[in-house]
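**Q** Got a structure for you, written out below as structure tokens; questions coming shortly.
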Amino acid sequence: MKNKKWKEFDKLSRKCYMQMAGLEEACGCWDQAFEALKAVVVDERGREPEYAPELYLLDEDTDYEYDVQGWLEDYLDDLDMREDKEKLLGVCDELVSMFCWEEDKPSDIRFLKASALGGLGRKEEAAEFCKAWLAEEPDNLMAVTANVYALLGVKDMESAEALIKEHIHEDTECGDENDILFAAAVYYYKITGNKKEMKRLDKAREEYDKLIGQLMMEFDGDDGDEFMWDDEEYEDDDDLPFL
């Protein structure tokens with residue numbers, strides 16, 4: 001039998017999207033919905049301690065009725081756009097502690113946590129957090145990128161450059177997985193005055209963007225296919241994480 005507490009989350013999450021569409025006034029519904037979601041998990045685990053050890057299992061358990069993962073992504077984006085760094089940091093920590101993350105790693109959440117720490121001026125703490133994360137997942141390009149930004153935050157330019165050169169070589173192409181690192185590298189070479197490398201990597205990103213544009217044109221109007229990507233452009237230094 002479905003937990004009745006899901007109804008509260010459903011009601012509040014719907015209000016969130018109504019607010020996003022401009023059909024509801026700001027009323028704190030995002031934070032309230034998160035509290036309602038936590039209440040569901042606590043209640044379920046009170047009955048069954050092993051309930052939903054992984055985040056994705058919340059959607060499986062409810063037959064994807066509430067799109068919990070999608071809503072959480074939107075909630076974190078909302079906190080990030082509101083620049084509520086303290087709240088963002090707290091929510092990231094709560095999410096990491098709520099699930100075991102053995103099957104799926106919380107890379108996006110960790111990246112946002114590091115960004116929030118940097119935004120709060122806790123740059124040394126951000127650097128230590130990113131260092132530990134990279135030690136745990138040395139091949140995770142989000143962890144690498146987070147480290148680059150964190151190192152720039154503490155003015156360790158040498159270590160930041162070493163990380164970039166370790167993962168971006170002369171023949172490395174920009175793609176979906178490493179575009180975020182290319183963006184960090186472009187920024188690094190911009191602030192260090194290496195215009196040659198900055199332009200080379202920026203050109204690689206432009207070529208990747210053109211490819212994505214071409215693919216989108218091919219998929220345009222085809223309802224039978226879905227094409228999704230996460231390409232962050234940092235045209236303004238103020239939009240860069242950790243800064």
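The values are calculated or read from the model by the stated rules, or taken from the named source; none is laboratory data. The structure displayed is predicted, hence computed values, not measured ones. Cβ: placed from backbone, ideal geometry, glycine included. Neighbour counts: every protein chain shown. Protein only, heavy atoms only, side chains kept; ligands, DNA and RNA dropped before computing areas. Shrake-Rupley method; radii C 1.70, N 1.55, O 1.52, S 1.80 Å.
This table checks each residue for (1) touching a Lys or Arg at 6+ places or on another chain (Cβ under 8 Å); (2) at pLDDT 95 or above; (3) of a type in the set (D, E, K, R).
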site	(1), (2), (3)
GLU137	yes, yes, yes
ASN140	yes, yes, no
GLU161	no, yes, yes
TYR187	no, yes, no
GLN214	no, no, no
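**Q** Follow-up question, since we're still on this one. Can you pull out every residue in the stretch 14-33 that is touching a Leu at 6+ places or on another chain (Cβ under 8 Å) and either in contact (Cβ under 8 Å) with a residue 40 or more places away in the chain or crowded, with 18+ Cβ neighbours inside 10 Å (or both)?
**A** Of everything in the stretch 14-33, those that are touching a Leu at 6+ places or on another chain (Cβ under 8 Å) and either in contact (Cβ under 8 Å) with a residue 40 or more places away in the chain or crowded, with 18+ Cβ neighbours inside 10 Å (or both) turn out to be CYS29, TRP30, ALA33.
**Q** Quick check on this structure: which one of GLU50, GLU54 is more than 23 Å from LEU117 (Cα to Cα) and either under 12 Å from the mean Cα position of the chain (by Cα) or in contact (Cβ under 8 Å) with a residue 40 or more places away in the chain (or both)? I'd like the intermediate steps shown before the answer.
**A** Values: GLU50 fails: either under 12 Å from the mean Cα position of the chain (by Cα) or in contact (Cβ under 8 Å) with a residue 40 or more places away in the chain (or both).
Within the list GLU50, GLU54, the selection yields GLU54.
**Q** Go through the stretch 153-211 and report how many residues are more than 21 Å from the chain's Cα centre (by Cα) and either assigned to a loop (DSSP other than H, G, I, E, B) or β-branched (Val, Ile, Thr) (or both).
**A** 13
**Q** Right, something else. If I filter the stretch 139-146 for residues that are open to solvent by less than 50 Å² (accessible area, probe 1.4 Å) and in a loop (DSSP other than H, G, I, E, B), do I get at least one hit?
**A** Step one: filter the stretch 139-146 for residues open to solvent by less than 50 Å² (accessible area, probe 1.4 Å), giving 140-146.
From what is left, the residues that are in a loop (DSSP other than H, G, I, E, B) are 140.
Looking through the stretch 139-146, at least one residue is open to solvent by less than 50 Å² (accessible area, probe 1.4 Å) and in a loop (DSSP other than H, G, I, E, B).
**Q** Considering only the stretch 95-111, I want to know if a residue exists there that is of a type in the set (S, T, N, Q), open to solvent by less than 50 Å² (accessible area, probe 1.4 Å) and over 30 Å from GLU50 (Cβ atoms).
**A** No, every residue in the stretch 95-111 fails to be of a type in the set (S, T, N, Q), open to solvent by less than 50 Å² (accessible area, probe 1.4 Å) and over 30 Å from GLU50 (Cβ atoms).
**Q** Oh, and also: Being modelled with pLDDT under 95, among the hydrophobic types (A, V, I, L, M, F, W, C) and within 30 Å of GLU128 (Cα to Cα) is the requirement here; does MET98 meet it?
**A** So MET98 fails the test.
**Q** Suppose we filter the stretch 67-92 for residues that are over 18 Å from ASP104 (Cβ atoms) and crowded, with 18+ Cβ neighbours inside 10 Å; how many remain?
**A** 4
**Q** Right, here's the next one. Of the residues TYR149, TYR187, which single one is hydroxyl-bearing (Ser, Thr, Tyr) and open to solvent by less than 20 Å² (accessible area, probe 1.4 Å)?
**A** When all the criteria are applied, what remains is TYR149.
**Q** Check ALA114, ALA132, ALA126 and return the single one that is surrounded by 13 or more Cβ atoms within 10 Å (Cβ to Cβ), hydrophobic (A, V, I, L, M, F, W, C), over 15 Å from the mean Cα position of the chain (by Cα) and under 30 Å from HIS167 (Cα atoms).
**A** Among ALA114, ALA132, ALA126, only ALA126 is surrounded by 13 or more Cβ atoms within 10 Å (Cβ to Cβ), hydrophobic (A, V, I, L, M, F, W, C), over 15 Å from the mean Cα position of the chain (by Cα) and under 30 Å from HIS167 (Cα atoms).
**Q** Report, by residue number, each residue of the stretch 97-115 that is in contact with a helix residue (DSSP H, G or I) (Cβ under 6 Å, 6 or more places away or on another chain) and outside any loop (DSSP other than H, G, I, E, B).
**A** SER107, ILE109, ARG110, PHE111, LEU112, LYS113, ALA114 - these are the residues of the stretch 97-115 that are in contact with a helix residue (DSSP H, G or I) (Cβ under 6 Å, 6 or more places away or on another chain) and outside any loop (DSSP other than H, G, I, E, B).
**Q** Could we say that ASP176 is of a type outside the set (A, V, I, L, M) and either touching a helix residue (DSSP H, G or I) at 6+ places or on another chain (Cβ under 6 Å) or modelled with pLDDT under 95 (or both) here?
**A** yes
**Q** Where the second residue is surrounded by fewer than 16 Cβ atoms within 10 Å (Cβ to Cβ) and the first is more than 29 Å from LEU215 (Cα to Cα) and lies in the stretch 176-196, which pairs have Cβ atoms under 7 Å and are six or more apart or on separate chains?
**A** Cβ pairs passing all conditions: THR192/MET157.
**Q** I need every pair where a residue in the stretch 137-159 that is over 14 Å from ILE109 (Cα atoms) has its Cβ under 7 Å from the Cβ of a residue that is of a type in the set (Phe, Trp, Tyr), sequence separation at least 6 or different chains.
**A** VAL148/TYR188; TYR149/PHE242; ALA150/PHE242; LEU152/TYR188; GLY153/PHE242
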